[in-house]
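Beneath this line is the structure, given in structure tokens, with notes to follow.
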Amino acid sequence: MKRYELIVIGAGPAGLSAGIEAAKSGMKVVVFDENARPGGQLFKQIHKFFGSKEHHAKERGFKIGEALLQEARDAGVEVYLDSTVMGIYQNHEVTVKQNGNVNHFKADYIIIATGAAENMIPFKGWNKPGVIGAGAAQALMNLQGVQPGSKIVMVGSGNVGLVVSFQLLQAGCEVAAVIDAAPRVGGYGVHAAKVARTGVPFYMKHTVIEAKGTDRVTSAVIAEVDDHFKPIPGTEKELDVDTICIAVGLSPMSQLASNATCNMALLPQKGGNVALLNEYGETSIAGIYCAGDVAGIEEASSAMIQGRSVASHVLYSAGYISEADFNEKYSGCQNALSALRQGMFAPQFKGKNDWTVTDEGYPISRSLLDRGFMTWDELKNFPAVNYKKSGVHPVIECTQNIPCNPCQEACKFGCIKVGENITRIPAIDEEKECKGCGMCVAFCSGQAIFLINEDYETGYATVGIPYEFLPLPKKGDKGIALSRSGEKVCEAEVVNVVTSSVMDKTSVLTMKVPVQYVNEARFFKAE
């Protein structure tokens, strides 16, 4: 039986962060993970994170994963892959299946960071090839370089469904629709908006009732649901798709905590059955902790902070750090978590759908919640949208209280203001001069910033948009400008494309449009 001071189960963002924090203070740490590669979901995530700099904002998930792995190596964390923890027993003993053998290990402390599993919904034909989870779609696209399908319907409008829908479009797939049984879009409005302006329709209060086809999916039947989520007869629509992608939430993988006889509870606000934890993340069994999605479903940024927070208490309990050092580490982690847990998408507001105004008192867009995009009449109420200025200036179509401030960090000229509370809606300092560098456009994790110049030339304006599709258009290319709803607005010509390493694969494409369409044109589609 091999002994470690700390065993971490799960090499995802929470587990790696916990292992790094403990090992940096001298603890002997091992991390077990059942997968063939570490990093959990991070290596599937090619989008840029939200939050602030301390939360890895504007960094892509797979790059964060690479950095965590390097930190783990540098700290001396032992990471064993293809190692399935089968059980946790008395005296902090664990059994691990490795290379066909069952090995025994013992630790002073155990951190369970096993993450979460995708939920599934049953419907007629749901076991046919072509019905997949959003995580599987990400793995195919972003790890294997394989298209999950040619034409796809996304079931679920939470952040996962919206992010994966956009990534499907980036992979060259056609997304026929995003549907959700809920009455409103569940994820960030900026995520929905960047999908909608490519032409993808949203169907709220709809669910999938059948996957048609013999040996594979050939179409999907969807239907409107009533207030009790029951399909309404006569509202069926058949979508011509070959893939049905399911993104209807996650459930904590808490089996090991239950196996260890930790006190458990079914807590819907945390995503399902979870171990009951004290304020430091410790279960009812002394020395056994939970961190990350296994403790309650949140974003990867929160999981990393939770991992560090839990590890700090392990270090204090084991005598590796003083009480003062622990208090400093713990309070720092809690402050970082608090910043992410504010605004209308905070965990305590999960399921709340009756928002009418933002924290600042601006009306919440019903069109955004119902159809995935905002109308100009709604947008012009926001100060970072409806103001006039000669020359190039930013227009920020971020209208919900989400935790994010890379736009403020990106602007070295002070044009954009968020403030210390990162869930505040961005504002424009009209006394500052925009230089048109495009960094705010490239750095915005929600792709919600556009550079407008209504004085480009007589009768024409330019709109600078974030662009992450291949092939990348070139200066002189002609096409059509699409509206926020994905409808054709007018003809457009590319007059500039800016790409640099600091922009991290987000180009700023500037298109020329007739000046009367400057407030509507938000996406470029090549002819």
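The values are calculated or read from the model by the stated rules, or taken from the named source; none is laboratory data. The structure displayed is predicted, hence computed values, not measured ones. Neighbour counts run over all protein chains shown; Cβ positions are idealised from the backbone, glycine included. To get the accessible areas, we keep the full protein, side chains included, count just its heavy atoms, and leave off ligands, DNA and RNA. Shrake-Rupley method; radii C 1.70, N 1.55, O 1.52, S 1.80 Å.
Could you run the Karplus curve 6.51 cos²θ - 1.76 cosθ + 1.60 with θ = phi - 60° over the stretch 309-324 and give me ³J(HN,Hα) per residue in whole Hz, x for Gly and Pro?
Here the 3J(HN,Hα) series is 4, 4, 5, 5, 6, 4, 4, 5, 5, 8, x, 7, 9, 6, 4, 5 Hz.
Averaged per residue, what accessible surface does the stretch 466-527 expose to a 1.4 Å probe, in Å²?
50
First select every other residue whose beta carbon is under 12 angstrom from the beta carbon of Ala291; then total the charges, Lys and Arg +1, Asp and Glu -1.
-3
At a 1.4 Å probe radius, which order do Leu140, Leu369 fall into by accessible area, largest first?
Descending order: Leu140, Leu369.
Residue by residue, what Karplus-based ³J(HN,Hα) values in Hz, rounded to whole numbers, does the stretch 164-178 have, using 6.51, -1.76 and 1.60 with θ = phi - 60° and x for Gly and Pro?
5, 4, 5, 5, 4, 4, 5, 7, x, 7, 9, 9, 6, 5, 10
Which whole-number percent gives the relative contact order of the chain, counting Cα pairs below 8 Å spaced six or more residues apart?
Averaging sequence separation for qualifying contacts and normalising by length gives 14 percent for the chain.
For the stretch 242-262 and the stretch 389-436, what is the separation of their C-alpha centers, rounded to whole Å?
The stretch 242-262 and the stretch 389-436 have Cα centres separated by 38 Å.
Which GluC sites (Glu not before Pro) in the stretch 179-262 pass both tests, a DSSP loop state and at most 15 other beta-carbon atoms within 10 Å?
Sparse-neighbourhood loop GluC sites (Glu not before Pro): Glu236.
Just add up the charged neighbours of Asp108: K/R +1, D/E -1, any other residue whose Cβ is under 10 Å from the Cβ of Asp108.
+2
Do you know the relative contact order of the stretch 296-401, to the nearest whole percent, from alpha carbon pairs under 8 angstrom that are 6+ apart?
After rounding, I find 19 percent.
Using +1 on the beta carbon of Lys and Arg, -1 on that of Asp and Glu, and nothing else charged, what's the dipole of the stretch 267-342 about the Cα centre, debye to 20?
I would put it at about 120 debye.
In the chain, with Lys and Arg counted as +1 and Asp and Glu as -1 at Cβ, which of these residues, His191, Ile152, Gly296, has the Cα nearest the positive end of the dipole, that is, farthest along it?
Projecting each Cα onto the dipole axis, the largest value belongs to Ile152.
By the scheme Lys and Arg +1, Asp and Glu -1, what is the net charge of all other residues having a beta-carbon under 15 Å from that of Tyr280?
For residues surrounding Tyr280, the net value is -4.
Say the dipole of the chain comes from +1 at the beta carbon of Lys and Arg and -1 at that of Asp and Glu; which of Asn519, Pro129, Val200 then lies farthest toward its positive end?
The Cα lying farthest towards the positive end belongs to Pro129.
Compute, for the chain, the length of the dipole vector about the Cα centre, with Cβ point charges of +1 (Lys, Arg) and -1 (Asp, Glu) only. Units Debye, rounded to 20.
Roughly 580 debye, rounded to the nearest 20.
Too long at a 28 Å Cα-Cα cut-off: which of Lys432/Lys488; Lys432/Lys525; Lys124/Lys488; Lys48/Lys525; Lys106/Lys270?
Lys432/Lys488; Lys432/Lys525; Lys124/Lys488; Lys106/Lys270
So if I place +1 on the C-beta of Lys and Arg and -1 on the C-beta of Asp and Glu, and nothing else carries charge, what would the dipole magnitude of the stretch 349-444 be about its Cα centre? I want it in debye, nearest 20.
The calculation lands at about 180 debye.
Taking 0.36 nm per residue of sequence separation and subtracting the Cα-Cα distance, how much length would be gained by fully extending the chain between Phe229 and Lys417, in nm to one decimal?
The span from Phe229 to Lys417 would gain 63.5 nm if fully extended.
According to a simple spin-label model (label point 7 Å from Cα along Cα-to-Cβ), what is the distance in nm between Gln144 and Gln255?
Taking the two extended label points, one gets 2.2 nm.
Tell me the label-point distance for the pair Asn35, Thr356, using the 7 Å Cα-to-Cβ offset, in nm and rounded to one decimal.
4.4
So if each residue of separation counts as 0.36 nm, and I subtract the Cα-Cα distance between Met86 and Lys488, what length gain in nm does that give?
Difference between extended and current length: 139.2 nm.
Leaving out ligands, DNA and RNA, and with a 1.4 Å probe, what % of the accessible surface on the chain is carbon or sulfur?
The computed percentage sits at 49.
Could you give me the ³J(HN,Hα) list for the stretch 118-129, computed from phi with Karplus coefficients 6.51, -1.76, 1.60 and θ = phi - 60°, whole Hz, x at Gly and Pro?
Result, ordered by residue: 5, 7, 10, 10, x, 7, 4, x, 5, 9, 6, x Hz.
DSSP loop (so not H, G, I, E, B), at most 15 other Cβ within 10 Å: list which trypsin sites (Lys or Arg not before Pro) in the stretch 477-527 pass both filters.
In loop regions of the stretch 477-527 (DSSP not H, G, I, E or B), the sparsely surrounded trypsin sites (Lys or Arg not before Pro) are Lys505.
Rounded to the nearest 500, what is the 222 nm mean residue ellipticity of the chain from helices alone, with -39500 (n - 2.57) per DSSP H run of 4+ residues and division by all residues?
So the helix-based figure for the chain works out to -6000 deg cm²/dmol.
Compute the accessible area per residue over the stretch 183-263, keeping the other protein chains in place, probe 1.4 Å, unit Å².
Value for the stretch 183-263: 42 Å² per residue.
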